[in-house]
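One structure below.
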Amino acid sequence: MARAGGRRGGARAAAAGAGRAAGVAGAARAAAAAAAAAPAAPPRGGAGSLPSEGAPSPSPSPSSTSSWRARREKMRARLEREGYLGVLDPEDLLSTPGQRAMCGATFSAVSALAVAGALEASAAHGAVAAVACPAAAAAGWLLADLGTGFYHWGVDNYGGPDTPLVGGQIAAFQGHHTRPWIILHREFSNNTYQICQPALPLLLAYAAISQGSNLPGETDLLVASFTAFVLLSQTLHGWSHGSKAALPPSVLALQDLGVFISRQAHAEHHTAPFEGNYCIVSGVWNPLLDGKLGKTSVFRKMEAAIFKRWGVVPRCWLTKEELAEAVSGWPCI
């Protein structure tokens, strides 16, 4: 009986491992198919705009065009009502079909990895998995907060719009310091797809390694949780700029519990020279990284080491006036 149970458990674990790779790979195939099939957003110039040379103009379906126009007009009315219409173009804030396809595929891959990991952990450990799986998910949440802190610190202080791969995000973060309310107007996929673009191939690479190395299900859950919270970090960040009246009660409760970054905690970051409170998932690491629980900020030590080695001055060392001059002319939306 023990051998039979072991064979059944091994079969379940093998099936979960195969499901992990197949699920994540399937999400990648879905991303490619959806992105190829998704109609492009209508050109900004409207129906009278000329198509680009060298390629046939896209032919969005009437329903998708109607939906885009309705959302654009709704966003335009909102910006006009709030006095931002001359500052922002409504189309810069809407989610395109391609952005939605990328986000959908990436979150599908994360879900597939999490489900496969939970099944494998349950098959391998039985009742112990009831403790191990939530612990792995919590570890992913903690690491995501830490990871967003170091990344946020890096793009806030180094590089510029021309930096390879992340130049657009560097400029956007500086624009966010000037106009933090923009994040509240962006649609979900518009606000998230740039994180999904590197996350999906990295998740595919991890799934292949995990399958080949027979990593435990708890590791898959940790990676899935980490990825999910990193993907959602801009949404959580946006909520930290929202008013209590505008946020759902559940979000306010999770902010008060410290699961999500709170409005008060993140507000401390938005004071020039923007030198702390970089973690934007929960903010649980901020006191330690900023030196509030120790003698020296971790970031100040890293900045001093970089300056000593390469002579590069981080932007948080600049005065408010010097910072404004340094980023003037950047495409900061």
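The values are calculated or read from the model by the stated rules, or taken from the named source; none is laboratory data. Quantities reported herein were computed from a predicted structural model and do not represent experimental measurements. Methodologically, a virtual Cβ is constructed for each residue, glycine included, from the backbone with ideal geometry; neighbour enumeration extends over all protein chains shown.
Table for the structure above
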quantity: Long-range neighbours under 6 Å by Cβ, at least six apart or interchain, first residue within 24 Å of GLU268 (Cα to Cα) within the range 307-333, second among the aliphatic types (A, V, I, L, M) and in a loop (DSSP other than H, G, I, E, B); calculated: LYS320/ALA272
quantity: Positions within the range 120-138 being surrounded by 17 or more Cβ atoms within 10 Å (Cβ to Cβ) and of a type outside the set (Ser, Thr, Tyr), in sequence order; calculated: GLU120, ALA121, ALA123, ALA124, HIS125, ALA129, ALA132, CYS133, ALA136, ALA137
quantity: ALA245 at pLDDT 95 or above, more than 18 Å from the chain's Cα centre (by Cα) and farther than 18 Å from TRP141 by Cα; calculated: no
quantity: Positions within the range 305-321 being surrounded by 14 or more Cβ atoms within 10 Å (Cβ to Cβ) and more than 14 Å from ALA171 (Cβ to Cβ), in sequence order; calculated: ILE306, VAL313, PRO314, CYS316, TRP317, LEU318
quantity: Residue check, ALA144 over 19 Å from the mean Cα position of the chain (by Cα), at pLDDT 95 or above, part of a helix (DSSP H, G or I) and over 21 Å from ALA101 (Cα atoms); calculated: no
quantity: Qualifying residue in the range 84-99 (condition: modelled with pLDDT of 95 or more and within 19 Å of LEU204 (Cα to Cα)); calculated: yes
quantity: The range 149-189, subset within 23 Å of ASP290 (Cα to Cα) and among the hydroxyl-bearing types (Ser, Thr, Tyr), residue surrounded by the most Cβ atoms within 10 Å (Cβ to Cβ); calculated: TYR151
quantity: Those helices (runs of 4 or more DSSP H) lying entirely in the range 190-302 with at least 3 residues touching a helix residue (DSSP H, G or I) at 6+ places or on another chain (Cβ under 6 Å), in contact (Cβ under 8 Å) with a residue 40 or more places away in the chain and crowded, with 16+ Cβ neighbours inside 10 Å; calculated: 217-231, 233-239
quantity: Any hit, the range 110-126, residues being part of a helix (DSSP H, G or I) and under 26 Å from PRO180 (Cβ atoms); calculated: no
quantity: Some residue of the range 85-103 being touching a Gly at 6+ places or on another chain (Cβ under 8 Å) and not basic (Lys, Arg); calculated: no
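The rows are residues; the columns are (1) within 14 Å of the chain's Cα centre (by Cα); (2) at pLDDT below 95.
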| position | (1), (2) |
| --- | --- |
| PHE107 | yes, no |
| ALA132 | no, no |
| HIS152 | yes, no |
| TYR158 | no, no |
| ARG179 | no, yes |
| ILE183 | yes, yes |
